[in-house]
Amino acid sequence: MGPQQLKRAFLGFDLSTQKLKAILLNSCLEVVASAEVKFDSDLPEFRTVGGANPGPNKNEFFVQPVMWVKAMDIVLDRLVMQEADLSTVAAISGSGQQHGSLYWSKHGIAALENLDPDKFLHSQIDDSAFVVNRTPIWMDASTTKQCVEMETAIGGHLDMVELTGSKCYERFTGPQIRKIYQQRTHAYEDAQRISLVSSFLASLFLGAVAPIDFSDGSGMNLLDIRQKNWSKACLNACAPDLEERLGQAVSPNAIVGSVSEYFVKRFSFPADCKVVACTGDNPSALAGMLVDSNWLSISLGTSDTLMMSMKEPLNWEEGHVLCHPTETDEYMGLLCFRNGSLVREEVNKTEAGGDWQKFNELLESTPRGNFGNMAVHFNEMEIIPKAKGTLRWNKDSMPHPADAAKGVIKFSSPEIEIRALIEGQMLHHRAVAEDMGFHFGNETQILATGGASVNKSILQTIADVFNAPVHIQTESEAALMGAAFRAAYVLYRNELSEGTTPLSYKDYVLSLTPNKLQLVCEPHKDSADIYAHMLLRYRDMARTLA
Ligand code: ADP
Ligand code: XUL
């Protein structure tokens, strides 16, 4: 590395459900600064709960996009207050919660292209920048009708799976766009461009609407994941003149341009600082994990997600196959469970006064298997299976229709409630992963990331239920790290002289920084027996609710 390269830094962002976080890495990919803005507490004027606003109708959830713009103003100021030297940032990339869609007005695009460095972003990219100022996000499950219509139009759900890697899911962007087109036709017609949350993040830095990348684009039911371009059949099934609103999709390994003058003048970014295509939070987390194919990644954020690499796209009837964020001829499998941290938080509040330490003491004070007490908590409509409700069974409950559906009203103690919740969640994740064909064997290793991965008692339950060792990384926020690593890697590839074979993403990152994996929990010897039996019972419970 030359002296100039030694002074270079890389900036990553994660615009997730509950917060916007930034991280600055030096040329050895070590963290030198970070800052975050939590939507509920730092921006109370938007009245979000867990980063989202419930909509007027059932199963609707949205965000006012200007909240995210304001968060960007604040997070950049917080980085500057830490004396982060932004004049050395050679490349930026980002991760965004998947599926959400933003609808740019003509005025909004003009504002983005002509930002005045003396003013905040949010005073220029305000409500009028978007024709829909209640942007639907991934928690929205209100588009069942549009899902059916899109699948029918292209020949059924199996064709949708074959083309786009997923059957139609309510939160996926295609059905969401179709709902806007049907219910707010004028707004759709006025929308000049449509961004995903990730490409919106890139757009802010670029000073122009940035392209959508293949990997996050795979969460829309619109992209042909093999051809890596928009499927005409899906576009036609969704809304008219959609291709011009989406723009051409690009590889996640693309540089989409340099930062706009606004960032050069206001924050002293170098004028040639590159903006690397931003991607979805789950692909970005996979990029941040740097692990082999025998690893199952479990992200415990607002949603719980399971991720794995795939050489070939399998046709999963449930779950999702996405274009891989770094190995562009490969794929990734993704299972998303909606009832993750927010349910754990709620039970923590009612059973342990909101104190995680107490929650853990109670969890640890009960034996594995919980005396046969088990629970399913689908507080909001779950994604797989599509079911809502709570069900508790004790050791005597039987999978007979009358008895099963009723279950037990409440368990006899907080510790039993807590263990039933955590074991139930993890049994659910394991059952679905197995149904998708993921094989758990002696070689299986688990990497846990996301907010709840700091909780060792929860991780021990994961090790036991999955009967596999659980590891964490020193930096628990894989999506954020993935964003900054990708910025560095894509710049490296771009600067290679012609004819040189680039290192793979993983080899490049690991040549600069070791993967700081830490083994935190190993399964207990009796786990395989205990949970094999519970897994069968769990399947009966989930079937009862579905
Ligand atoms: P997202 O990326 O979806 O915005 P995070 O990955 O930041 O979310 O995770 C946030 C969640 O982490 C919170 O909802 C909170 O419940 C959970 N969390 C934070 N600390 C703990 C803890 N000690 N034990 C369990 N969960 C925790
Ligand atoms: C994935 C999904 C969520 C969001 C928010 O399909 O809906 O994981 O990406 O994290």
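The values are calculated or read from the model by the stated rules, or taken from the named source; none is laboratory data. The structure presented is a predicted model; accordingly, all values stated were derived computationally and were not measured. Heads up, the Cβs are rebuilt from the backbone with ideal geometry, glycines too, and the neighbour counts pull from every protein chain shown. Just the protein is used for accessible areas: all its heavy atoms, side chains included, with ligands, DNA and RNA removed. Shrake-Rupley method; radii C 1.70, N 1.55, O 1.52, S 1.80 Å.
Overall, the accessible surface of the chain at a probe of 1.4 angstrom is composed of carbon and sulfur to the extent of 50 percent. Summarising the amide proton neighbourhood of ASP213: residues at separation of 5 or more, or on other chains, whose placed amide H is nearer than 5 Å comprise VAL250. Its relative contact order, with pairs defined as Cα atoms under 8 Å and 6+ residues apart, puts region 236-304 at 25 percent.
In sequence order, region 52-58 has phi-based couplings of 9, 10, x, x, x, 9, 3 Hz under the Karplus curve 6.51 cos²θ - 1.76 cosθ + 1.60, θ = phi - 60°, and Gly or Pro positions carry x.
Distance from the alpha carbon centroid of region 40-77 to that of region 494-542 works out to 32 angstrom. Taking R0 as 25 Å, what FRET efficiency do you get between LYS395 and ASN442 from their Cβ-Cβ distance, rounded to the nearest 0.05? With a Förster radius of 25 Å, E is 0.25. Helices in the chain that qualify as membrane-span-like (whole DSSP H runs, Cα extent of at least 18 Å along the helix axis, mean Kyte-Doolittle hydropathy of 1.0 or higher) are 65-81. In this structure the amide hydrogen of ARG226, modeled in the peptide plane, comes within under 5 Å of no amide hydrogen from residues 5 or more places off or on another chain. For the chain, DSSP calls about 75 percent of its internal beta bridges antiparallel. Put a plus charge on the Cβ of each Lys and Arg, a minus charge on the Cβ of each Asp and Glu, and nothing anywhere else: the dipole of the chain about its Cα centre is then about 600 debye. Shown in residue order for region 265-280 are the 3J(HN,Hα) couplings computed by the Karplus curve 6.51 cos²θ - 1.76 cosθ + 1.60 at θ = phi - 60°: 6, 7, 10, 6, 4, x, 5, 9, 4, 8, 9, 8, 2, 7, 9, x Hz (x for Gly and Pro). Database note for the chain: Cys without another Cys beta carbon under 4.7 angstrom, CYS28, CYS234, CYS238, CYS273, CYS278, CYS323, CYS336, CYS521.
Identify the residues of region 45-73 with backbone N under 12 Å of a label point that sits 7 angstrom from the Cα of THR350 along the Cα-to-Cβ direction, or state none. Hits in region 45-73 for THR350 at 12 Å: none. For region 352-509, the residue among ALA433, PRO469, ASN394 whose Cα projects farthest onto the positive side of the dipole built from Cβ charges is ASN394.
Taking the Cα centre of region 103-189 as reference, the dipole from Cβ charges on Lys and Arg (+1) and Asp and Glu (-1) amounts to some 240 debye. Excluding same-chain neighbours fewer than eight residues apart, the lysines reachable from LYS410 by a Cα-Cα span under 25 Å are LYS349, LYS358, LYS386, LYS388, LYS395.
Taking the Cα centre as origin and putting +1 on Lys and Arg beta-carbons and -1 on Asp and Glu beta-carbons, what dipole magnitude results for region 117-247, to the nearest 20 debye? The partial results should precede the final answer.
Values: 13 positive and 17 negative charges, 33 e Å.
Magnitude of the dipole: close to 160 debye.
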